[in-house]
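Remarks on the structure that follows.
The values are calculated or read from the model by the stated rules, or taken from the named source; none is laboratory data. Since the structure is predicted, the reported quantities are computational estimates derived from the model, not experimental observations. Counting neighbours? That spans all protein chains shown, and the Cβs are built from the backbone with ideal geometry, glycine included.
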Amino acid sequence: MTWYETVQQMEFENQNYVIVTVIGTVGSTPRDCGTKMVISKSVHYATIGGGHLEYKAIDTAKQMLAESSSQQKIEHFPLGAKLGQCCGGHATLMFESFINDTIDIMLFGAGHVGKALVSILAELPCRIYWVDSREDEFPKKLPSNVVKIISDTPSDEVASMPKDSYYIVMTHNHPLDFDITEAILLRNDSLYVGLIGSNTKLKRFQMRFKHKGYKSDFFSFLHCPIGLADVPGKRPTEVAVAVAGEIIANYHHNYTDQPQRQGVDWQQLKISDTSACNIHRPIKQDLSK
């Protein structure tokens, strides 16, 4: 498997990873410029030459993964006795950490609003699990980040989702909406639960929950009516925009309040010893001849 195939697999599996690239060499080094390896929390793929250099690279990569922020850094390694390698050259490595910020959304209902909503959400950094019992309601073509799930018991699909998922309930059937919402709230590990409907529908659901013995805090997390109140309108596209806006606002509140370090500090690029990397200068030509 190549390094880029490994990256594709990591992205598909929702894993965090670091790409280590040899960006500079001088003298004798284990591998040439451009050599890459990919490191995740538990495994690593390919090699930059083995030995203590690779050990240090893996250690640095795992420290970056522990920080849980996308960032880049450059480090220089003299391959001498101090590093336990006898090559005698120098290697410069670039570390790029990729922390997954994709959100998982399960959408119940492939009606008009559901179709309009998927077309918006599919443009965001998310994976959408779209559930309905009616296969004919789904479009023939779906975006690559949308998974179609045809299920006669949609509420059972809730169990397949990871922790901190987003749920949107907008089926064609109120009793089905209730069963799905109950299954989601029983998990008690979601970041967002939205239910389409009016205040009257919400009060009916609340009454049913109370009759089943649930306390008020059980359904206090439920967003209903769904969507941003500042976005009016009842057309499918208008409702979809309001719902997408509420999810985006919730997402940014949960994830982007934490400071993110991005890019390489310019001081890291300052190389006092020119032997730390290959420097290619143009050949000066004598134009007087």
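Could you look through segment 29-49, keep only residues that are more than 15 Å from W3 (Cα to Cα) and of a type in the set (S, T, Y), and pick out the one that is surrounded by the most Cβ atoms within 10 Å (Cβ to Cβ)? Among them, the one singled out is T29. Within segment 252-268, if we keep just the residues that are touching a strand residue (DSSP E or B) at 6+ places or on another chain (Cβ under 7 Å) and either in a helix (DSSP H, G or I) or β-branched (V, I, T) (or both), the residue that is modelled with the lowest pLDDT turns out to be Q268. The number of residues in segment 129-145 that are modelled with pLDDT under 95 and under 16 Å from the mean Cα position of the chain (by Cα) comes to 2.
Residue-by-condition table, conditions (1) over 20 Å from the mean Cα position of the chain (by Cα); (2) within 30 Å of D179 (Cβ to Cβ); (3) modelled with pLDDT of 95 or more; (4) crowded, with 19+ Cβ neighbours inside 10 Å:
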{"site": "G80", "(1), (2), (3), (4)": "yes, no, no, no"}
{"site": "G84", "(1), (2), (3), (4)": "yes, no, no, no"}
{"site": "G89", "(1), (2), (3), (4)": "yes, no, no, no"}
{"site": "F95", "(1), (2), (3), (4)": "no, no, yes, yes"}
{"site": "A110", "(1), (2), (3), (4)": "yes, yes, yes, yes"}
{"site": "V118", "(1), (2), (3), (4)": "no, yes, yes, yes"}
{"site": "E123", "(1), (2), (3), (4)": "no, no, no, no"}
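Where strands (runs of 3 or more DSSP E) fall entirely within segment 89-139, none has at least 1 residues that are among the hydroxyl-bearing types (S, T, Y) and free of Cβ contacts under 8 Å to residues at least 12 places away in the same chain.
Strands (runs of 3 or more DSSP E) wholly in segment 146-251 with at least 2 residues that are surrounded by fewer than 17 Cβ atoms within 10 Å (Cβ to Cβ) - which ones?
Values: elements: 146-150, 166-169, 192-195.
Answer list for segment 146-251: 146-150.
Here I149 does not qualify as touching a residue at least 60 places away in the same chain (Cβ under 8 Å) and not acidic (D, E). Against the numbered list (1) part of a loop (DSSP other than H, G, I, E, B); (2) touching a Lys or Arg at 6+ places or on another chain (Cβ under 9 Å), F77 comes up short only at (1). Tell me, yes or no, whether segment 29-38 has at least one residue that is outside any loop (DSSP other than H, G, I, E, B) and out of contact with any helix residue (DSSP H, G or I) (no Cβ under 6 Å at 6 or more places or on another chain). Yes, segment 29-38 contains at least one residue that is outside any loop (DSSP other than H, G, I, E, B) and out of contact with any helix residue (DSSP H, G or I) (no Cβ under 6 Å at 6 or more places or on another chain).
Output the residues belonging to segment 40-55 that are hydroxyl-bearing (S, T, Y) and touching a residue at least 40 places away in the same chain (Cβ under 8 Å).
First, pick out the residues of segment 40-55 that are hydroxyl-bearing (S, T, Y): 40, 42, 45, 47, 55.
Y45, the sole residue that qualifies.
Any residue that is crowded, with 17+ Cβ neighbours inside 10 Å, among the hydroxyl-bearing types (S, T, Y), more than 30 Å from K140 (Cβ to Cβ) and touching a Ser or Thr at 6+ places or on another chain (Cβ under 6 Å) - is there at least one of those in segment 16-28? Yes, that holds for at least one residue.
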